[in-house]
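J.: Input: one structure, supplied below.
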């Protein structure tokens, strides 16, 4: 295993662009950084990607290590850990936006469905208007306003069985009108 002093020396060489030192640093520390990212992400492919991102940051910012005064492994682990946490946040934001988009797009009918519904509604109203006035009001009362057969029979001052007959015959007439 490579000592902390050797890792510090490798980081110092990396800070001046030494590719061989970077390769040695990677070989000496990548397993540890992979373990850290794997514990956070719980996804092998994602952890491998984050380790690569972390080493790119280490390459770019190696000159900053010398001024931090921390252990070289602590510095590198912090970079890897923060990269893994950033990836988790990006994934959650993407999932949240996807869920939001799905919820918003599921609201209400499509324009085509609205046109079809409006056309059907106009046909139904036209067919209801063809019924006798009392029978049309009775159908609207039962099916649109939720009134009971007994209530409508009282309103129109007819026996309950007569109201049932009106409604049954009116529905037959509506069905014929709608299928025409």
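J.: Which number in (1) at pLDDT 95 or above; (2) over 29 Å from the mean Cα position of the chain (by Cα) marks the one condition that residue 11 misses?
T.: Going through the list (1) at pLDDT 95 or above; (2) over 29 Å from the mean Cα position of the chain (by Cα), residue 11 breaks only (1).
J.: How about the range 143-157: which of its residues are in a loop (DSSP other than H, G, I, E, B) and farther than 26 Å from residue 126 by Cβ?
T.: 148, 157
J.: Residue check: is residue 61 surrounded by 13 or more Cβ atoms within 10 Å (Cβ to Cβ) and modelled with pLDDT under 95?
T.: The answer is yes for residue 61.
J.: Same structure again: Regarding residue 41, is this residue more than 40 Å from the chain's Cα centre (by Cα), in the same structural domain as residue 85 (by TED's automatic domain parsing), surrounded by 17 or more Cβ atoms within 10 Å (Cβ to Cβ) and within 24 Å of residue 87 (Cα to Cα)?
T.: Criteria not met by residue 41.
J.: Moving to a separate point now. Take the residues in the range 93-136 that are in a loop (DSSP other than H, G, I, E, B) and surrounded by 10 or more Cβ atoms within 10 Å (Cβ to Cβ), then tell me which one is modelled with the lowest pLDDT.
T.: 109
J.: Separate question: Given the criteria modelled with pLDDT of 90 or more, over 30 Å from residue 46 (Cα atoms) and surrounded by 10 or more Cβ atoms within 10 Å (Cβ to Cβ), does residue 155 qualify?
T.: For residue 155, the condition - modelled with pLDDT of 90 or more, over 30 Å from residue 46 (Cα atoms) and surrounded by 10 or more Cβ atoms within 10 Å (Cβ to Cβ) - is met.
J.: Please state which of the following conditions residue 140 fails to meet, knowing it meets all the rest: (1) touching a helix residue (DSSP H, G or I) at 6+ places or on another chain (Cβ under 8 Å); (2) modelled with pLDDT under 90; (3) over 30 Å from residue 164 (Cβ atoms); (4) part of a helix (DSSP H, G or I).
T.: (3)
The values are calculated or read from the model by the stated rules, or taken from the named source; none is laboratory data. Only a predicted model underlies this, so the values are computations on that prediction, with no experimental measurement involved. Cβ: placed from backbone, ideal geometry, glycine included. Neighbour counts: every protein chain shown.
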